[in-house]
Amino acid sequence: MVTSLEPGILRESVVELWLVFWLKVGNVRTMIAQECAFCFLPKRRVVFENSSGFAFFDDYPVSTGHMLVIPKRHSCSLFELPESDQSVLWQLVAQARLHLKKQFNPDGFNIGLNEGKSAGQTISHIHFHVIPRYKNDVLDPRGGIRWVIPEKAKYW
């Protein structure tokens, strides 16, 4: 316990501790943002934007037209975002889907996200995949995303 310090010294110590804590937290956040591929997305890549997010074409598409929708705010989980941001992001997903429908005329879509390393998330900035699907792009598309665990995918 610091009872021997004068009030002015105690106040300065508390301010110093707060400043050190703030700088460490600030530096960690800055470091995370600097290492995040999506936090510094070049504007030229953005196809659509709204108040909460961006939509753009994936650099590693699994099909023609594969798009990603990301929040502007850095978050590893969709559920860390306010509900209002989640809702506005879904509007952006719908806008991306409509755009892809008009531009590429796919026969269907897979729309989803990977949350957490165990679920396959490789970039720790949550993002939706909007993946156009085309007739005969795979031999048997039944089950769709269930195939992330092949042994349990087939239920028919």
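The values are calculated or read from the model by the stated rules, or taken from the named source; none is laboratory data. None of these values were measured; they are calculated from a predicted model. Ideal geometry is used to build each Cβ from the backbone, glycine not excepted, and the neighbour counts take in all protein chains shown.
Brief remarks follow.
- Single residue of Ser51, Ser87 found to be without any contact (Cβ under 8 Å) to a residue 40 or more places away in the chain, in contact with a helix residue (DSSP H, G or I) (Cβ under 9 Å, 6 or more places away or on another chain) and surrounded by fewer than 14 Cβ atoms within 10 Å (Cβ to Cβ): Ser51
- Residue within the range 137-151 that is touching a residue at least 60 places away in the same chain (Cβ under 8 Å) and crowded, with 16+ Cβ neighbours inside 10 Å present: no
- Every residue from the range 27-58 that is modelled with pLDDT of 95 or more, under 18 Å from Leu113 (Cα atoms) and out of contact with any strand residue (DSSP E or B) (no Cβ under 8 Å at 6 or more places or on another chain): none
- Among residues of the range 111-127, those that are buried (at least 16 other Cβ atoms within 10 Å of the Cβ) and in contact with a strand residue (DSSP E or B) (Cβ under 9 Å, 6 or more places away or on another chain), counted: 7
- Some residue of the range 98-112 being in a loop (DSSP other than H, G, I, E, B), charged (D, E, K, R) and modelled with pLDDT of 95 or more: yes
- Residue in the range 112-129 that is more than 25 Å from Ala37 (Cβ to Cβ), without any contact (Cβ under 8 Å) to a residue 12 or more places away in the chain and more than 12 Å from the chain's Cα centre (by Cα) present: no
- For the condition surrounded by 17 or more Cβ atoms within 10 Å (Cβ to Cβ), at negative phi, of a type in the set (A, V, I, L, M) and touching a Lys or Arg at 6+ places or on another chain (Cβ under 6 Å), Val130 qualifies.
Yes/no per residue for (1) at pLDDT 50 or above; (2) not β-branched (Val, Ile, Thr):
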position: Thr3; (1), (2): no, no
position: Ile9; (1), (2): no, no
position: Val15; (1), (2): no, no
position: Trp18; (1), (2): no, yes
position: Lys24; (1), (2): no, yes
position: His66; (1), (2): yes, yes
